Structures are given as C-alpha cells and as structure tokens.
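Notes to accompany the following structure.
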Amino acid sequence: MKERFYYLVTLATLLAATLVFLSGGRLCAKEVFKYSCSAQIYQAFENERLDAYTEKTGIAVQLTVDSSYMSFLRLMNGLSDIASTAERLSRVHKEIGFVETPFCKDPLAVIANSQDTVKNLTDEQLRDIFSGVISNWQEVGGLDKEIIRIVPGKDTAAYKNFYRQVMLGRDIGHDVMTSKSTMVIEVTSRIPGSISFIAQGAAAYRQEGIRIVAINGLAPGNSAYPYYQVFSFVTSGIPAGTAKTFIEFALSEEGKRIMLKRRMLPYGD
C-alpha cells in the first residue's frame, strides 16, 4: 500500500515536470490585471466593459469595487495596476508621479422614490432640501409627505462632487447615509418620500423603484444640464503593460460604444 502511494506521488511529480518543460519552463497561466474600481463607475458600465475586455484580450481582471478614495488608496499602496475614480486627481498627486486619464463625462443625477410626484426641482430648491430648509414635498409642489434625504458616505466622490457643484459650500444634511455611493439607489427605491443623488449611468442601470428628477427643467444628458462628474483612470506613472492595454480598450470605438449605450459621453467628445 505504501509503495503504491509513493509510486503515485512520483508519477504526479513527473507529469508536473513534463508540463513545465513543455510550456518553456513555466506553467501556462492566464495574465491577470488588478483593477480597483469606483462603485459608481462599476455600476454604470464596468460589468459589460470588463467582460468585453477579457473576451478581446484574454486577460483576466482581478476586480475590487469601492469608493473612489479607497480605489486610489489601493493603487497608492501597490495593490492594483490601475484605479478608476469619479474625482479629479489633485495637483499634489500629479506632482509625485500619478497620472490621470479622463475617459467619461457622466451627469450627476438627482433621484427620488418612484412614488414621489415631483419631477422637477430648481437649483435653490435642491440646496434647500439637502440643507434642511425644505422638509416636505408639498413645499415644492408635491404631496404632503416628509422628505427623506439619502446620501452616500462622505468619502465618496458622489458626496464630494454634490457638495462642490450643488451645495456651493452649504452643509449636506441627511436622514440616511450609505457606506457605498451606489447603495443610495436601492435605499431610495425602498423608502417613499426619499431623494438622493448618484451617477446617471448607475441610476439608469436600475430604474425600478426610482425616478430621475429634472433640474431647472433639464434632464441629465441635456447639453445644458448643470451637474457632471468626470470619470478617470489613474496609474502610478505613465500607463504601461495591462493598464495601458485596458485604457486603450476603454478609449477605442468599442469602448466608446459601451459608454454611449449607457447614455454617457466619452471624455473630449
């Protein structure tokens, strides 16, 4: 019995050595690309784009989805080859060698529970709602119902961009805060009277239970719509290797078609 065991072990070892020899000294393994991705960007279109990228190149993607801040932090600590963020890169980070490649411009959409009847808000009404001056939908032409403010975590790009572009320095109040930006979609869909904000591409992916609210009579996608986020890839140094390959795919005609399919504008177009 013991002799049979040693025979099988020896045979397995010889087979493994033969495979190594036939593969030129190493076992064949699929190339892996480590990608830290913003939750907003992933929800908007990465599931489709990553599948298309792997199918086209044969390169597998090791994916981590988190906030823009955490995605960039993973890149800084060498845990990924590339990060995608909905925040622009700071001057300080550029000076120490990080490189930003913008690839998409996406409206920052205001969403409400589908039972809410208000379809349009002005800039000032939106600021008043999230600062607490307006607390009932009746005050903006809706039903007599309390407004429930759902906001993403303070370290998310959605929160920071909304604070900068919409609130203009006024504090953002909230009744519920989610840990991930895209979680606001699910929470808003379940709570009547609720309102929130998120990338239009992410909101369009999940329409059930929510509606997108026009701002100043303009829907996201209108050329005069006031709030936008820029999605960027960030690399440590000039893009190279699999990071360069992935960026080239994202900026290709095939990559642009995926963005346009989700009603997002390729950056620079």
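The values are calculated or read from the model by the stated rules, or taken from the named source; none is laboratory data. Everything numeric in this text was worked out from a predicted model, so none of it was measured. Every residue, glycine as well, gets a Cβ built from its backbone with ideal geometry; the counts of neighbours run over all protein chains shown.
Given the criterion at pLDDT 95 or above, outside the structural domain of THR122 (by TED's automatic domain parsing) and more than 30 Å from GLN125 (Cα to Cα), identify the matching residue among GLY237, GLY241. Result: GLY237 is the single residue among GLY237, GLY241 that is at pLDDT 95 or above, outside the structural domain of THR122 (by TED's automatic domain parsing) and more than 30 Å from GLN125 (Cα to Cα). Taking every residue in the stretch 40-63 that is of a type in the set (D, E, K, R) and pairing it with any residue that is crowded, with 16+ Cβ neighbours inside 10 Å and in a helix (DSSP H, G or I), at least 6 positions away or on another chain, the pairs with Cβ-Cβ distances below 7 Å are GLU48/ILE258; ARG49/ALA250; ARG49/GLY255; ARG49/ILE258; LYS56/PHE249.
The helices (runs of 4 or more DSSP H) found wholly in the stretch 26-113 and carrying at least 3 residues that are within 17 Å of the chain's Cα centre (by Cα) occupy 47-57, 68-76. Remark: THR156 falls outside the filter, which requires a residue to be among the hydroxyl-bearing types (Ser, Thr, Tyr), in the same structural domain as VAL234 (by TED's automatic domain parsing) and surrounded by 14 or more Cβ atoms within 10 Å (Cβ to Cβ).
Every test in (1) in contact with a strand residue (DSSP E or B) (Cβ under 8 Å, 6 or more places away or on another chain); (2) among the β-branched types (Val, Ile, Thr); (3) not assigned by TED's automatic domain parsing to the domain that holds GLN125 is passed by THR188 save one, and that test is (3). When we screen SER179, SER135 for residues that are modelled with pLDDT under 95, of a type in the set (Ser, Thr, Tyr), surrounded by fewer than 18 Cβ atoms within 10 Å (Cβ to Cβ) and assigned by TED's automatic domain parsing to the domain that holds LEU121, the only hit is SER179. Residues in the stretch 231-244 that are surrounded by fewer than 18 Cβ atoms within 10 Å (Cβ to Cβ) and not small (Gly, Ala, Ser) were compared, and the one that is nearest to the chain's Cα centre (by Cα) is LYS244. Summed over the stretch 135-159, the residues that are touching a Leu at 6+ places or on another chain (Cβ under 9 Å) and either within 11 Å of GLY173 (Cβ to Cβ) or basic (Lys, Arg) (or both) give a count of 0.
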